[in-house]
Structure formats: structure tokens, C-alpha cells
Amino acid sequence: MFEIGPFEYQFKKNAKKIFTNHNIIIKEKEFVLITGPSGAGKSTLLSILKGIIPQFTSGKLSGEIHYKGKPLDGEYFNQNLKEILYLFQNPFSQLIYPSVPEEFFFTMENFNFTSEQMDQKKEEFKSHFDVESFWHRKTSELSHGECQRLVLASLLAIDPQVLLLDEPTAFLDPIARANFYEWLKNMKGLQTIIVVDHHLNEILPLADKVLIVGLNGEISQSSQRLSDEQKKMIEIVPFDIGIPLKNLIVPCKESVSLELSQVCFHYLGQKSLLNEISLKLTAGEVLVIKGVNGKGKSTLLKIIAGLIRPKSGKVSVMKNSKLIHYKNYFKEVGFVFQNPESHFFYDTIEEELKAFENLEDFEKLSGIFLKDVDFLRSPFLLSEGEKRRLSILMTMMMNKSIFLFDEPTFGQDQESISLIREMIIHLKAMGKVQILISHDDKFIESLSASAFELVEGHLEKVS
Amino acid sequence: MKKTSSNEYLHSWYLLVLTILSLIFLFINQEIFLNIFLVFVVFCFYFKNGLSVKRFLYVFFFSFSIFLLSVIYPAKDLRSGEIIQFFNIAFYRTSIDHAATSMVKLFLISFLSMTSGAVIDYTKVVLYLIVHKGLKLFWGYPFLLAMNSIALFKVEFERIRINAKFRNLPKLDQFSVFFPLLVFAIRHSQRGALSLVTRGLNDQKSFYFSYAVSDLDKFRYKIFLLIFLILIGIAVFGGKVIL
């Protein structure tokens, strides 16, 4: 189906290449997993297979890549529109409409489905990806996970022959993720599925073929079995940073505590999101919050950060037994948002990091967080995983007492997850209070932290 | 039979047309009572289409603030004539009369411009124009994408502003909050355009919802047109129209 000959693609001169020196064949109805370190070029490879590169992107592509014996770009791009569908990594960038039903029907409308066919698909998919739970909401109000499910359902409704999925489970909660893998298992053999995913434990058993994009951009082919070296990418192992972090992270000299008592919240005109949430964290404590998408986890972090006020109940941040006014929380709190791009303000990575540049060790640490990255590049041009790591690094290096992380491991390979884990452990040792939202069970387990689940607005302890 | 996308009292397309007609009328007609009556009629349509009283009050307080300014700091040529004492403060009657007239005019125009955005569903207007009036898809959809990204822009700008605060950016660099917003806008439009192409947008597409105007919409619109024409007649024969 796809014949990928030796090829090379470079976005611009001196930029990272993605290439292969081998012939790679992807057969019809094969299940192909693309994996490799974050920032290696996995999403670029998917864009090439869709024909977006070089059709809509600058850069030089040399070599032959064919789909059913024909090139993917030029006149063939339009011919393949219905056959090859591509789910972007950031689902919000695929939204067209403000309402969920119109967004769901959009792809089917483009391929001239009749109203009856669309109604049939609606019934099929409303329950399948739990689209029904947010059918009447605005698309701008959806969480990342809900948005991903909506776009995915809209694309799948037209029964494409080839599915290109770029981290389809990145923002899904464990239940939705398990359902999705179950669905993929059922789809296997019916469509050609090419998927980029970091949840190797779950996805690897489904794969007929594994393409590994190395850090140097080289694509190599592997069978379902990974070598020992490759297996290392699956496990979270202690990561030796090799730099004395005590020079970089300022320990908390004052005793800090965070307390939530009976916190309730709901958005205007909507049902209650958080109900009587109470918790207390003192210096060096780490708390992880799990839960289904769209149930108020990110809202809870915003309340803790003082960005929104609870409808009732109290949030108190104490420093040396002195209560801090919520308007001054920003001086004590570091917040890693789900969207890393909002963390960047300057033209280059170097400028972003200039506040710390007097420390030699910090530069080394940045080099570990962003391997093989030119610091004179724009942070906006990094891969999604690299952007996330940079935003985490910048936040962790701030002299704050409380850190809030919203999905810190999204889009990360296992080595990067191990690195993030190591940093969290160091922050803990320095007496920082940390709250994380994560769907990554292995990561949560590796932290040995208290884990809670947000169920029906209540925090319930998870064993 | 295609379904309608929402249950509006009056179709958004007609709401847009009657808003534009009313604004033109307000600009050219000087008879204030006719203007008040016309805006009242428009208000009824807006109200039936879901306008909240809160927005009405916003417009009122905005206009009232201008009234207060005009009364407290009257123009030089209005500082003459009878003086009225109120809480031991002296006000010129001429300035109060002038400020009241200005407030009413401002209220009427502001009401239409500030509340129309809340009741008119522009997505429906664009799709109506595409489906029923031959607007080219390749003009309509990018416009739709741009309009619908406003909500995302607001959220992103809020995030960027908060991040600038958390990072404690130097004063001068506070201006750079617009840089990531600009990057977001460019990248969002690029990704949005790619999404339109990769999801197969083409001239032959079908539509699940009809977006059509119903007979009831037409009937209600005709009622408005009738009132509008009567008001034009009164204004023209009353000699208060500036052309």
C-alpha cells in the first residue's frame, strides 16, 4: 500500500533531517506503530504519508514515497483525501465549528453522505467515544480529551482506508484509553492503521510492524519484538541527571502549606463541577489527581493557583504560618499548563532561558531536557514533546514553593518521563509542594505519591 | 428533510439584516421618539432570540456614564442659562438637556452594536449564505474558522497573561505577551487551513442541517419590514431625515 523508498526530508538548511536508507513497505490493513524519542520526527513522517509534506509545507523532500503505486502529492493528494485520514496531535487545531454536532458531521458532509447515513453514524459514534456526554456543549468548552474524541469520531465516521493517528490517546483518561485500544483491536485487519503512540505496553501487542524514528531522524524498521535497547524505552527507570541539582533548585527555607476546605465550584449556568473538596499538603508532599476527562481536574488546579475563585469553601496558602492573599499566589506558585506554547515569550530558546544563563549547570540540564536542539531556534518550532519539556524545565527552575503540573508526561518518550520523574523527586526533597494531574498510571506509580481520583466532583483516594 | 441547527425565534440572517437597517435609520433620522420605537421593536426580537437583561443593563450603564461626564464637565458653550442645585452641586440645565439627548442616542446605537453580537449566530449566517445564497466555500469557511477562533484566542491570551505573571517577566517584557498571541494566531490559521483541506472540504459537499429560513421567519421579518417602512414614512414626511 505504502512504498517508502530511501528518502530524506529537511525543513530548512541545517535543520534536523528525517530519512531512511531502506525500502519500507506498509501492506494493506497492516497495523504500524511509529515510535521513537520525542522530537525525532514522528509527526513529520505522518505528514509525509498524508501528503501534507511537501504539498503544503516548505522544505526539501527527496526520494520516492508512493501510495498504491502513485505519489502522494500534487493531483494525487485530492484523490487520497477520503482514503487517508490524519488526526493531528493537537485536536483543537482541527476544530471548525463552535457546536459539537456540526463538527461531528463536517467530515461526512465533505464526502457527500446523506442525512440518513449521517444519522446512522451519529447513533453509532455517540455512544462509542462517549460523544453523547458533550453533544450539547460548545467546542471551545471541551477538554483536550473530549476534543480528541470528537475529532476522531468525525474522521472515523467516513470509514477511511488508512488512518494516520498522531498520539490519539495522549489526552485520554485510562478508561477512555482502554476503550480506544479495544476499538483499535477490533479495527485491526479492517483498515491500515499507522499510529504514533508512547503507550508501548498497550499498543505494541497490536502492531504488525514497528517503525522507529531515531534521535538523528533515521527511520528503521522493526518487527513486533523490540531489542533490549528499544525495550528500555518502555520502562520508567531511575534517571541519572548527573548534575548536582542543589545548585539549581532553591530549597524551601520557609514552611509552606496548602489547604483546601470544602471547596465547591461550578461554571455559570452549569451543574456543579467540584463538591466540598478538602485536602491539606505540607512541604515536600506530592499529590496526583486522576479522573475522567472534563470532570474538573484542570479547574481545581486553577482554583489552587488563585486564577479562579471557588463558589464556596476556602483555599489557603500559608508561608511561615502567615496566610497569603490569593492575589499573591502567583509569587508562590509555578503552573505548567496543558498547552506549552503559552509559556513562551521570546524569539529563541536561549532568550527564554536567559534568566538562568549565569549557571553553567543549568545549561547542562537544559541540554539534557532538549537533546540535540539548537538553542537559537524558536521555542515555537520545537516538537510538541520538546515544547512540553521546555515549559516544565522553565517552571521547575523558578523559585516557587508550590508547583502545579497539568499532564506533564503528555507526548513524552519513556526516557523523558524518567527525567521528569527525577526532577519531581528532587523538588520533593527540596520541600516543594507539588500537585500533578496525570493519566499515566505507570508514572503515578513510579512517584510513590498519594493519588486521588476526581469522581462526581469529589476527591477519592486511590490505593 | 433536513434538520434545523437551532431553535431561533427569528433566523440570524434576518436579525443581521434588521440590525443593519435599524443602524442606518438611527444615523439618518433625527426624530428621537421614532428611533426609540424602532429600537424597542428590535429589542423585542433580540429578547425573543435569547438576549439577557444583563447585557441590556451593561449598555444602559455605559450610556449613563457618558451622561454623567457630560453633565459634570459640560462643554464651554453649554455653561449658560438656568442653574439647578443638586446635593449642593450646581448643574446647568442646558448641559443636562444636551447630555440626556446624547445619552439616549448613544444608548440606542450602543444597544444595537453591543448586543447584536450576542444574539446573532454568525456561524449560521455564514452557512446560510453558503448553502442558500451561493457564497463560495473557500471564502465562507476560512471566515468561519477565524470567527470561531476568537473564543480560543481569548482563552489563550488569558493563559499567556497568567504565565507572564507567574514568570514575573520584567516590566518592559510584559509587552511581549502579544508575541505568543501572534504566533498562536498564525499557527492556528495554518493548522485550521490544513484541517479544512485534510478533512476534505470541497465544492460538492452536502450539509446535514438546512440553515434555511422558515415561513415563520419570513412572516416575522415582514412584520418588522412593515413597521420599518411606516417609520421611514413618518420620518420622511415629518422632515427629520438628514440625507
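At a glance:
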quantity	calculated
Hits among aspartates and glutamates - C-alpha to C-alpha of A:Lys314 under 15 Å, sequence gap 8 or more where chains match	A:Glu259, A:Glu276
Given chain A, longest segment not containing exposed loop trypsin sites (Lys or Arg not before Pro) (DSSP; at most 12 other Cβ within 10 Å)	A:28-224
Computed [θ] at 222 nm, deg cm²/dmol, the protein assembly as shown (DSSP H ≥ 4; -39,500 (n - 2.57); rounded to nearest 500)	-14000 deg cm²/dmol
Efficiency of FRET from Cβ geometry, A:Cys264 and B:Lys154, R₀ 30 Å, rounded to 0.05	0.75
The range A:11-127: relative contact order in percent, alpha carbon pairs under 8 Å with at least 6 residues between	17 percent
Neighbour-count ranking [beta-carbon atoms within 10 angstrom, fewest first] of A:Asp130, B:Asp215	B:Asp215, A:Asp130
Length released on extending from A:Ile175 to A:Lys29, taking residue separation times 0.36 nm less the Cα-Cα span	49.9 nm
Above-threshold pairs, the threshold being 19 Å between Cα atoms, out of B:Lys133/B:Lys205; A:Lys290/A:Lys322; A:Lys42/A:Lys295; A:Lys271/A:Lys327; A:Lys138/A:Lys271	A:Lys290/A:Lys322; A:Lys42/A:Lys295; A:Lys271/A:Lys327
Rounded if a/c under 1.5, otherwise prolate or oblate - the range B:51-117, Cα gyration tensor axes	prolate
Of all DSSP beta bridges in the range A:361-463, antiparallel share, percent nearest 5	50 percent
Net charge, A:Phe344 excluded, C-beta distance under 14 Å - Lys, Arg +1, Asp, Glu -1	0
Of A:Lys280/A:Lys432; A:Lys302/A:Lys442; A:Lys331/A:Lys371; A:Lys400/B:Lys165, those spanning more than 19 Å from alpha-carbon to alpha-carbon	A:Lys302/A:Lys442; A:Lys331/A:Lys371
Sites B:Phe40 and B:Ala146 - FRET efficiency at Förster radius 41 Å, r taken between beta-carbons, to 0.05	0.75
Within the range A:191-211: backbone nitrogen closer than 14 Å to the A:Lys442 label point (7 Å, Cα to C-beta)	A:197-206
Relative exposure of B:Leu152, A:Leu381, judged by other C-beta atoms within 10 Å (fewest first)	A:Leu381, B:Leu152
DSSP H segments from chain A that extend 20 Å or more along their own axis, Cα-based, with Kyte-Doolittle mean of 0.0 or above	A:414-429
For B:Val119, net neighbour charge (Lys/Arg +1, Asp/Glu -1) across residues whose Cβ lies under 10 Å away	0
Rounded to 5, the percent of DSSP beta bridges in the protein assembly as shown classed as antiparallel	55 percent
Cut-off 9 Å between beta-carbons: net charge of the residues surrounding B:Ala151, Lys and Arg +1, Asp and Glu -1	+1
Relative contact order, percent, chain A [alpha-carbon distance under 8 Å, six or more residues apart]	18 percent
Angle in degrees between helix B:53-72 and the longest Cα principal axis of chain B, rounded to the nearest 10	40 degrees
Ranked A:Thr192, A:Thr107, criterion: other C-beta atoms within 10 Å, fewest first	A:Thr192, A:Thr107
Where labels lie 7 Å past Cα in the beta-carbon direction, separation of A:Arg309 and A:Phe56 in nm	4.4 nm
Estimated distance in nm for a label pair at A:Lys327 and A:Ser255, the labels positioned 7 Å out from Cα along Cα-to-Cβ	2.9 nm
Inter-label distance for B:Leu137 and A:Val455, nm, one decimal - labels placed 7 Å from Cα along Cα-to-Cβ	4.7 nm
The range B:1-93: trypsin sites (Lys or Arg not before Pro) falling in loop per DSSP and having at most 12 other Cβ within 10 Å	B:Arg79
The range A:334-462, relative contact order in percent, only Cα pairs under 8 angstrom and at least six apart counted	26 percent
FRET efficiency, 1/(1 + (r/R0)^6) with R0 30 Å, evaluated for B:Ser189 and A:Gln79 via beta carbons	0.70
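None of the figures in this text is laboratory data; all of them are computed from the coordinates on show. Note that the structure is predicted; figures quoted are calculated from it, not measured. Positions of Cβ are backbone-derived with ideal geometry, glycine not excepted, and every protein chain shown enters the neighbour counts.
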